[in-house]
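Below is one structure; the comments refer to it alone.
The values are calculated or read from the model by the stated rules, or taken from the named source; none is laboratory data. Everything numeric here is computed off the predicted structure, so don't read it as measured data. Cβ: placed from backbone, ideal geometry, glycine included. Neighbour counts: every protein chain shown.
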């Protein structure tokens, strides 16, 4: 077990994993003095001195670490000289904001005081901080032309050119290592994208550009989810993190991307905490998507999304198999989901997904709860998914047929070695549909090929609520081997 940390000049945030029999509370001890007790597996220590070394210990776990707070930074106020951003919600402030970002060094922080800063795409760089004060709104334009030029990106598992995102960190290159490091985006303000209006503008432009190609597909257009799927893949995100390392997003309202809100690709050590991620009414509006990335953590965050709160990905066949960069070591804890699909693992998972740990989350009011999914074409694997002590609408492993365009991998995926402990399964649906209402609480469907059924899936101490319509099975299994169901009970019959 390890104690992780991030720090500013006056605060230290620490977190740790929940394993074994958890205590009623954890003691947070700073320089030998207990300053608080917390029930969750994270804590923030405030009102500290800058550039000072602190020793932090968590009891009864006996976890200990030393953390030095940062130096106090010089604030680059974007409304002051030489930038003069208007912050009136009407003037385009892109040039002023980008100038401040360009000037920001490791000892500086770009500072947005209260106001609404209308902008197009912005490009961040290594060793910088972006700070939004309470009442500050970084507001993305609703016009696609403000997100040019297009950049190398990845969407639904395939590398392609997309519109720039509102905030762009790093440059995509699966052959290279990290080219952007040590970026902090924080505060009490809001980062708001152009939402569905921007999405529609981007899709309309892309639909015209690809008109001849779409017409050549003929009946194969049925392999795609809907008429927006192909043009929709060019949309930007709210925060695009490509080939980055050590990125921290904290304390903000992240709202209304034209597609996904936070998307990290080929990146490492991306931490998000204390945020609210909102995208109701945005088609395909995921919240937080690690994609062929490692050591990414989200906690103490509320999701109210138009699609999956979290979607874990690693590429799509056959490109994803060839690139072969897995998503590994993902931690999700103390999060609440007020709408959307919950946590989706796949369906773009051709590079492999492993070591995903989930605890102390509430997904009881989502469409799917936790869903592991892929098509037979994907290849790759999903393994070592471990969830505990959470409230979810359901737990599902599925071999799906939608979004099934592209060439097939040499063999189907493998789902294996997963566990679910101390889970409460509700019957709540935030966005009901005929399919979802008929779905069982636990659905286990592997692939009908030798060696590709579900393997070694363990359920322990599970309570199933008054689930679904009358006559619907509580548990459904197909193409499974090595399934363990221990102490499963059903409320109200």
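Among the listed residues 462, 442, 483, 457, identify the single one that is at pLDDT 85 or above, surrounded by 15 or more Cβ atoms within 10 Å (Cβ to Cβ) and more than 27 Å from the chain's Cα centre (by Cα).
None of the other options fit; the residue is 483.
Report yes if residue 70 is farther than 26 Å from residue 45 by Cα and crowded, with 16+ Cβ neighbours inside 10 Å, otherwise no.
Criteria not met by residue 70.
Go through the residues of region 157-176 one by one and say whether even a single one is part of a loop (DSSP other than H, G, I, E, B), over 21 Å from the mean Cα position of the chain (by Cα) and at pLDDT 95 or above. Break it down stepwise before answering.
Here is the first cut: in region 157-176, the residues part of a loop (DSSP other than H, G, I, E, B) are 157, 163-166, 170-176.
Now drop any that are not over 21 Å from the mean Cα position of the chain (by Cα), which leaves 175-176.
From the residues that got through so far, the ones that are at pLDDT 95 or above too are 175-176.
Scanning region 157-176 turns up at least one residue that is part of a loop (DSSP other than H, G, I, E, B), over 21 Å from the mean Cα position of the chain (by Cα) and at pLDDT 95 or above.
Check residue 242 against each of (1) closer than 23 Å to residue 349 by Cβ; (2) surrounded by fewer than 24 Cβ atoms within 10 Å (Cβ to Cβ) and name the one condition it does not meet.
For residue 242, the exception is condition (2).
Output yes when any residue across region 36-45 is over 24 Å from residue 275 (Cβ atoms), at pLDDT 95 or above, crowded, with 17+ Cβ neighbours inside 10 Å and not assigned by TED's automatic domain parsing to the domain that holds residue 335, and no when none is.
no
Residues 241, 221: which one is under 23 Å from residue 307 (Cα atoms), touching a residue at least 40 places away in the same chain (Cβ under 8 Å) and outside any loop (DSSP other than H, G, I, E, B)?
241
Tell me, which residue of region 256-269 that is buried (at least 24 other Cβ atoms within 10 Å of the Cβ) and touching a strand residue (DSSP E or B) at 6+ places or on another chain (Cβ under 6 Å) is farthest from residue 173 (Cα to Cα)?
By that ranking, first place goes to 256.
Taking the residues in region 315-325 that are surrounded by fewer than 23 Cβ atoms within 10 Å (Cβ to Cβ) and part of a loop (DSSP other than H, G, I, E, B) as candidates, determine which candidate is modelled with the lowest pLDDT.
So, considering only residues that are surrounded by fewer than 23 Cβ atoms within 10 Å (Cβ to Cβ) and part of a loop (DSSP other than H, G, I, E, B), the one modelled with the lowest pLDDT is 318.
Restricting the search to region 335-349, which residues are surrounded by fewer than 21 Cβ atoms within 10 Å (Cβ to Cβ) and touching a residue at least 40 places away in the same chain (Cβ under 8 Å)?
Within region 335-349, 338, 339 qualify.
I'm trying to understand the selection: among the residues of region 370-394, which are closer than 29 Å to residue 408 by Cβ and at pLDDT 95 or above?
370, 371, 372, 381, 382, 383, 384, 385
Looking only at residues that are in contact (Cβ under 8 Å) with a residue 24 or more places away in the chain and out of contact with any strand residue (DSSP E or B) (no Cβ under 7 Å at 6 or more places or on another chain) in region 62-78, which one is farthest from residue 136 (Cα to Cα)?
In this case the residue turns out to be 71.
Can you name the residue in region 1-35 that is loosely packed, with under 15 Cβ neighbours inside 10 Å, under 24 Å from the mean Cα position of the chain (by Cα) and under 14 Å from residue 64 (Cβ atoms) and, of all such residues, is modelled with the lowest pLDDT?
1
Looking at this structure, is residue 165 crowded, with 19+ Cβ neighbours inside 10 Å, touching a helix residue (DSSP H, G or I) at 6+ places or on another chain (Cβ under 8 Å) and on the phi < 0 side of the Ramachandran plot? Walk me through it before giving the result.
Details: crowded, with 19+ Cβ neighbours inside 10 Å: yes; touching a helix residue (DSSP H, G or I) at 6+ places or on another chain (Cβ under 8 Å): yes; on the phi < 0 side of the Ramachandran plot: yes.
Answer is yes for this residue.
Would you list the strands (runs of 3 or more DSSP E) that sit entirely within region 78-150 and hold 3 or more residues that are farther than 30 Å from residue 160 by Cβ and out of contact with any helix residue (DSSP H, G or I) (no Cβ under 6 Å at 6 or more places or on another chain)?
88-92, 108-112, 128-132
Looking only at residues in region 368-393 that are more than 22 Å from residue 451 (Cα to Cα) and touching a residue at least 60 places away in the same chain (Cβ under 8 Å), which one is surrounded by the fewest Cβ atoms within 10 Å (Cβ to Cβ)?
Out of the qualifying residues, it is 389.
Going residue by residue through region 56-74, is there one that turns out to be assigned to a strand (DSSP E or B), closer than 22 Å to residue 250 by Cα and over 30 Å from the mean Cα position of the chain (by Cα)?
Yes, region 56-74 contains a residue that is assigned to a strand (DSSP E or B), closer than 22 Å to residue 250 by Cα and over 30 Å from the mean Cα position of the chain (by Cα).
Between 357, 368, which is at negative phi and under 14 Å from the mean Cα position of the chain (by Cα)?
None of the other options fit; the residue is 357.
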